[in-house]
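Remarks on the structure that follows.
Each reported figure results from applying straightforward, stated rules to the coordinates on display, with no laboratory input. For clarity, every value in this text was computed on a predicted model and none was experimentally measured. Backbone-built Cβ (ideal geometry, glycine too); neighbour counts: all protein chains shown.
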Amino acid sequence: MSSMPPSDQNNNKKFKPEQFRDIFRNMNDFMHEKPVKGFLQSIDEFFNSSFPSGAFPIGVRETEDEYIITAELPGIKKEQICLNILPNQLSISVENNEIESKEDLNNHFFQKRVSQQKQSRTISLPVLINEKLVKAFYRDGLLTIRIPLVRGKMINIED
């Protein structure tokens, strides 16, 4: 048994919020000063930025006769989109290549910047895809792909 009364043992284990107030205040001040503030803001901007840094939205809808797949691709040209069909999968890839050049002959200055971004989404379907029947349309930043449901031949069972 302990020689301390039970009330003293409980008082030693309790923490008071005032004890940590200065620590939290110092951490908060540190996070809001440069260069940490600038670094944290750049991380936020990276994760909050829209396409092409993030994945583009896809919608899949099934009707009686077909699957309709839509992809929102604002600002993308038709030439940047590639569709690839596997037996029961459809891949949508978007590639964005930018080349920026600056030249100043007076100061003997030349700068070239090349950036390449590629995004891809793959949709699995529960049926085999006949690539000859697939139709794709792209208008106003919306890619629409129509995949008809291929039905097998019905066989009658005889008695």
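Figures for the structure shown
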quantity	calculated
Counted charge near Ser93, where neighbours are those whose Cβ lies closer than 14 Å (Asp, Glu -1; Lys, Arg +1)	+2
Calculated FRET value between Arg139 and Glu98, using beta carbons and R₀ = 22 Å, to 0.05	0.40
Sparsely packed trypsin sites (Lys or Arg not before Pro) within the range 80-159, loop by DSSP, other Cβ within 10 Å at most 12	Lys132, Arg151, Lys153
Local electrostatic count at Gln111 - Lys and Arg +1, Asp and Glu -1, tallied over other residues with Cβ under 15 Å	-1
The range 54-114: GluC sites (Glu not before Pro) in DSSP loop, at most 13 other beta carbons within 10 Å	Glu64
